[in-house]
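Q: Below you will find the structure I want to go over with you.
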């Protein structure tokens, strides 16, 4: 269930974005999402990279690189489908971690003449042709989460997400302020440009950072590799994971290695919130991914109905925010309901 205070917060957010027109909102919905809204429309191409100020209902395809059942991407999906319900937009969500398959999903959405596309770009070059073909077909595109540097180049209207380098820099500063000297940065997905940017950003502000590549699809191996790295180098006194599932493995690995390394992570779920409360995780870098699903639907609705654009060519940043013991009790309730 969604509480009334959240409804007021959402309405305030929409009114701020929709200064050029009035948006009528429906009641807030629960975290479980469906695609049972009004039907789609076929936009007419225009010179601005998509259809604007069109009549008729709007259908948006949201296509991400997330894995099925991933709690992070479930929150993104919740944001997109909640916005769709409130604005009368049909939202069709799909995902595939393989860049080639993700490109095919984009091509399929283009062939169906959707009214808008929302795409995450963990591997931008693999999606370039598909996204540019969407733009050529007159379909407005908004990129989210990763691939910020390529968004405008590919013809997208805007990018919504977290600047990964800035987020990494701020995480590095927190470790440095805590007096740590050597950081292990755990990368869980090969080829994801955003993950490397996080570690590189931490390196810029922290100093000595060692990268460790693991496979998120093999939790036993993840724990073993982190434990082995800590046992092999006792000078590592900090661990930064880039995913909440990996954070849980890192906590177990550190205990198994008898290491006192400080563990922190990117992204939040209920397990990480509990670990912050217990002191096993020092903090989480929160990119507020609910907004990465929610805001693009609002932006495409405004573009469809009123030819509005948001961001002025700059990314719309949803983070970094930080969750630690000072605010975890408040944020944890939202993580439990699927919006943080």
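Q: Any idea how many residues of the stretch 252-268 are surrounded by 18 or more Cβ atoms within 10 Å (Cβ to Cβ) and either out of contact with any strand residue (DSSP E or B) (no Cβ under 9 Å at 6 or more places or on another chain) or closer than 23 Å to residue 164 by Cα (or both)? I'd like the intermediate steps shown before the answer.
A: Of all residues in the stretch 252-268, those surrounded by 18 or more Cβ atoms within 10 Å (Cβ to Cβ) come to 253-254, 257, 259, 261-268.
With the extra rule that they be either out of contact with any strand residue (DSSP E or B) (no Cβ under 9 Å at 6 or more places or on another chain) or closer than 23 Å to residue 164 by Cα (or both), the set shrinks to 257, 262-268.
Counting residues in the stretch 252-268 that are surrounded by 18 or more Cβ atoms within 10 Å (Cβ to Cβ) and either out of contact with any strand residue (DSSP E or B) (no Cβ under 9 Å at 6 or more places or on another chain) or closer than 23 Å to residue 164 by Cα (or both) gives 8.
Q: Continuing with this model, one more query. How many residues are over 21 Å from the mean Cα position of the chain (by Cα) and either farther than 16 Å from residue 174 by Cβ or outside the structural domain of residue 234 (by TED's automatic domain parsing) (or both) when one looks only at the stretch 254-273?
A: Of the residues in that region, 7 qualify.
Q: Same structure, new question: Under the condition of being in contact (Cβ under 8 Å) with a residue 60 or more places away in the chain and assigned to a strand (DSSP E or B), which residue from the stretch 306-321 is farthest from residue 173 (Cα to Cα)?
A: Only one residue fits best here, namely 316.
Q: What residue, of 160, 119, is closer than 11 Å to residue 106 by Cβ and in a strand (DSSP E or B)?
A: Criteria check complete, one pass: 119.
Q: Regarding the stretch 29-48, can at least one residue be identified that is assigned by TED's automatic domain parsing to the domain that holds residue 123, within 21 Å of the chain's Cα centre (by Cα), modelled with pLDDT under 95 and part of a helix (DSSP H, G or I)?
A: Checked the stretch 29-48: no residue is assigned by TED's automatic domain parsing to the domain that holds residue 123, within 21 Å of the chain's Cα centre (by Cα), modelled with pLDDT under 95 and part of a helix (DSSP H, G or I).
Q: Among (1) touching a residue at least 40 places away in the same chain (Cβ under 8 Å); (2) surrounded by 20 or more Cβ atoms within 10 Å (Cβ to Cβ); (3) outside any helix (DSSP H, G or I), there is one condition residue 209 misses while meeting the rest; what is its number?
A: Residue 209 satisfies all of (1) touching a residue at least 40 places away in the same chain (Cβ under 8 Å); (2) surrounded by 20 or more Cβ atoms within 10 Å (Cβ to Cβ); (3) outside any helix (DSSP H, G or I) except (1).
Q: Checking the conditions here, which among 204, 245 is more than 18 Å from residue 282 (Cα to Cα) and part of a helix (DSSP H, G or I)?
A: 204
Q: Let me ask something else about it. Tell me, please, whether a residue that is at pLDDT below 95 and assigned to a helix (DSSP H, G or I) can be found in the stretch 60-71.
A: yes
Q: Identify, from the list 87, 117, the residue that is touching a strand residue (DSSP E or B) at 6+ places or on another chain (Cβ under 9 Å), surrounded by 17 or more Cβ atoms within 10 Å (Cβ to Cβ) and farther than 16 Å from residue 157 by Cβ.
A: Working: 117 fails: farther than 16 Å from residue 157 by Cβ.
From the options 87, 117, the qualifying one is 87.
Q: May I ask you to list pairs of residues, at least six apart or on different chains, whose Cβ atoms are under 8 Å apart, with the first in the stretch 46-67 being within 19 Å of residue 143 (Cβ to Cβ) and the second being surrounded by fewer than 22 Cβ atoms within 10 Å (Cβ to Cβ) and at pLDDT below 65?
A: 51/44; 51/45; 52/46; 58/40; 58/41; 59/39; 59/40; 59/41
Q: A follow-up question, please. Consider residue 226 carefully, then state whether it is in a helix (DSSP H, G or I), in the same structural domain as residue 183 (by TED's automatic domain parsing) and surrounded by 20 or more Cβ atoms within 10 Å (Cβ to Cβ).
A: Here the answer is yes, as residue 226 does meet what is asked.
Q: If I filter the stretch 258-282 down to residues being part of a loop (DSSP other than H, G, I, E, B) and in contact with a helix residue (DSSP H, G or I) (Cβ under 6 Å, 6 or more places away or on another chain), which single residue comes out as farthest from residue 209 (Cα to Cα)?
A: Once the filter is applied, the top-ranked residue is 269.
Q: Would it be correct to say that residue 221 is surrounded by fewer than 15 Cβ atoms within 10 Å (Cβ to Cβ) and within 22 Å of the chain's Cα centre (by Cα)? So that I can check it myself, show each step before the final result.
A: Numbers: surrounded by fewer than 15 Cβ atoms within 10 Å (Cβ to Cβ): yes; within 22 Å of the chain's Cα centre (by Cα): no.
Here the answer is no, as residue 221 does not meet what is asked.
The values are calculated or read from the model by the stated rules, or taken from the named source; none is laboratory data. Note that this is a predicted model, so its numbers are computed, not measured. We place every Cβ from the backbone using ideal geometry, glycine too, and count neighbours over all the protein chains shown.
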